[in-house]
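**Q** Quick one: this structure, given as structure tokens, is what I'll be asking you about.
The values are calculated or read from the model by the stated rules, or taken from the named source; none is laboratory data. In this text the structure is predicted, and so the values were computed from the model without any measurement. FYI the Cβ positions are ideal-geometry reconstructions off the backbone, even for glycines, and counts take in every protein chain you see. The accessibility values were calculated without ligands, DNA or RNA, using every heavy atom of the protein model including side chains. Shrake-Rupley method; radii C 1.70, N 1.55, O 1.52, S 1.80 Å.
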Amino acid sequence: QVQLVESGGGSVQAGGSLRLSCTVSGTVSSDNIINIGWYRQVPGEDRELVASRSRGGIINYAESVKGRFIIPRNTADETVALQMYNLKPEDTAVYFCGARVNTPWSVGAFWWGQGTQVTVSS
């Protein structure tokens, strides 16, 4: 079993900052985390990628958050943080941690965290 435990989130005014953190635990080692990142979803819309980090350390960002959101590099391989600066009302969403991992019984399965609400008021 694999668990993604998220923390952070909350409410902030436009221009403010928040930090999210996610840790992978269970029957998976950090070497078997292929890709880990953050996604977000608003009601009625598809879940979208915000930022992700590959096992090789390559980080990708959605165009809408480039220059404002950062995945810090100084975290353990099984942890991914998302530092969000200059938040905008359109960043309001439920943020999910997602990871593609190899386990003893599956290859490349994708796992989700429970989600955490981020609300940005104008």
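**Q** With charges only on Cβ, +1 for K and R and -1 for D and E, what is the dipole size of segment 19-122 about its Cα centre, in debye, rounded to 20?
**A** Charge dipole, segment 19-122, about its Cα centre: 220 debye, nearest 20.
**Q** Quick check: from the Cα gyration tensor, does segment 18-82 come out rounded (a/c under 1.5), prolate or oblate?
**A** prolate
**Q** Quick one: grab the alpha carbon gyration tensor of the chain, order the square roots of its eigenvalues as a ≥ b ≥ c, and give me rounded if a/c is under 1.5, else prolate or oblate depending on whether a/b is larger than b/c.
**A** prolate
**Q** If you roll a 1.4 angstrom probe over the protein chains with everything in place, what fraction of the accessible area of the chain belongs to carbon and sulfur, to the nearest %?
**A** 49
**Q** So what is the relative contact order for the chain, in percent, with contacts set as C-alpha pairs under 8 Å and at least six apart?
**A** 36
**Q** Choose one of Ile33, Gly115, Gln83: the residue whose Cα lies farthest towards the positive end of the charge dipole of the chain (beta-carbon charges +1 Lys, Arg; -1 Asp, Glu; about the Cα centre).
**A** It is Gln83.
**Q** Lys88: accessible area at probe 1.4 Å, nearest 10 Å²?
**A** Rounded to the nearest 10, that gives 70 Å².
**Q** Rolling a 1.4 Å sphere over the protein heavy atoms, what is the accessible area per residue of segment 1-74, to the nearest Å²?
**A** Ligands and nucleic acids excluded, the result is 54 Å² per residue.
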